[in-house]
1. Output the number of residues of segment 294-312 satisfying the condition of being surrounded by 13 or more Cβ atoms within 10 Å (Cβ to Cβ), within 18 Å of Phe280 (Cβ to Cβ) and within 41 Å of the chain's Cα centre (by Cα).
2. Given (1) within 20 Å of the chain's Cα centre (by Cα); (2) more than 28 Å from Arg24 (Cβ to Cβ); (3) assigned to a loop (DSSP other than H, G, I, E, B), where does Asp108 come up short, assuming only one miss?
3. Kindly establish whether Ile155 is assigned to a helix (DSSP H, G or I) and modelled with pLDDT under 70.
4. Within segment 111-120, which residues are over 17 Å from the mean Cα position of the chain (by Cα) and either surrounded by 14 or more Cβ atoms within 10 Å (Cβ to Cβ) or at pLDDT 90 or above (or both)?
5. Among (1) over 24 Å from Met134 (Cβ atoms); (2) modelled with pLDDT of 90 or more; (3) charged (D, E, K, R), there is one condition Arg51 misses while meeting the rest; what is its number?
6. Could you tell me whether segment 290-307 includes any residue that is over 17 Å from Glu120 (Cβ atoms) and in contact (Cβ under 8 Å) with a residue 40 or more places away in the chain?
7. Check segment 19-37 and report whether any residue there is over 14 Å from the mean Cα position of the chain (by Cα) and of a type in the set (S, T, N, Q).
8. If you check every pair at least six apart or on different chains, which have Cβ atoms under 6 Å apart with a residue in segment 261-276 that is surrounded by 15 or more Cβ atoms within 10 Å (Cβ to Cβ) first and a residue that is among the basic types (Lys, Arg) second?
Amino acid sequence: MITILFFLITTVMFNILFSHAKLRAIETTKDNAQDLARMTAFGIRAALDFRLEEEINSVLQLSAQNEEVIFLVVAENSGEVITANNLDTARLLNYSVRNTASSAFVGDSVIFIKTPVMLENKEIGQLYLGYSLMTTNLQLIELQKGIIFTSLVFIFLGFLGSLAIGRIVAIPITKLVKSFEKVSEGDLKERAEVKSSDEFGKLSESFNAMVESLEFAVSELATSNTLIRESEQLYKELVAKLPDFVILHRHQKIFLVNDAIKDVMGYDNVEVLGKNIFDFIAPESYQIVDEKNRMRLEGHEVEPYEIELITKIRK
């Protein structure tokens, strides 16, 4: 009777512990995938606005260096694909129908992410990302093996405990069960007391080793999330510090400049953002700028050309 009770308790604890660990691991992986998708969408927004496929592909290649990325697709709001990384795989996985109800869909082995590409609070396209759950699933399988092994040991020692009558065995078992309950509630700092080198002491050591493995796995997933966020910040800083002078405008309104404008024109970023591009172009260059813009809008290839700029100090 006592052995059966131990078996039932162990089974329940196993299910609670593994379900909790699986939920946390998948949620952390999904957060990582969403962070990577948002970072990639931010990196391609300016290039997407001008349909610069080469620049878009450069950003996609950078994101695809993450071994968990299965595919990346950049599309119009209408759904028409502009460019992609592993498009055939994306279509094979039916990427376009996986996110009809939400921005993230968790499958058995793939997380499908759909992120809008925003520019000036306007949605200019969509980014689809497929993120592998293989690493997470392998970690969960190893964790499951450890829990099963510990559970079997626990059942075996429970049988031995049923043969012993007295508080010497009953009290430690109660404490270990409480430790199981705390861990199942998410307290990965909980450890069982190890006061002896007998079978019960070995069980406590196995329990502690299992919880330490789980804590390490969760910590590794959290570290991956932190590294992605740090990479996003570094990516922004690298773009801002490019040595070449970069200024982008839409409908003649400047929306992006980098720090090189200070050396080229003498202005700080805040002095230029939101201003009309023609406020910084010499009048004698108006005609050529209008002509080249018209050619670009008509779909013609425009060769590089020179214009006179108005600097903060002089032309």
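The values are calculated or read from the model by the stated rules, or taken from the named source; none is laboratory data. This one's a predicted model, so the numbers in the text were calculated from it and none came from an experiment. Ideal geometry is used to build each Cβ from the backbone, glycine not excepted, and the neighbour counts take in all protein chains shown.
1. 0
2. (2)
3. Taking the combined requirement at face value, the residue satisfies it.
4. Answer for segment 111-120, where residues must be over 17 Å from the mean Cα position of the chain (by Cα) and either surrounded by 14 or more Cβ atoms within 10 Å (Cβ to Cβ) or at pLDDT 90 or above (or both): Met118, Leu119.
5. Failed condition: (2).
6. The answer is no, given that none of the residues of segment 290-307 is over 17 Å from Glu120 (Cβ atoms) and in contact (Cβ under 8 Å) with a residue 40 or more places away in the chain.
7. Checked against the condition, which is being over 14 Å from the mean Cα position of the chain (by Cα) and of a type in the set (S, T, N, Q), segment 19-37 yields at least one hit.
8. That search, which allows pairs on different chains as well, returns Tyr267/Lys312.
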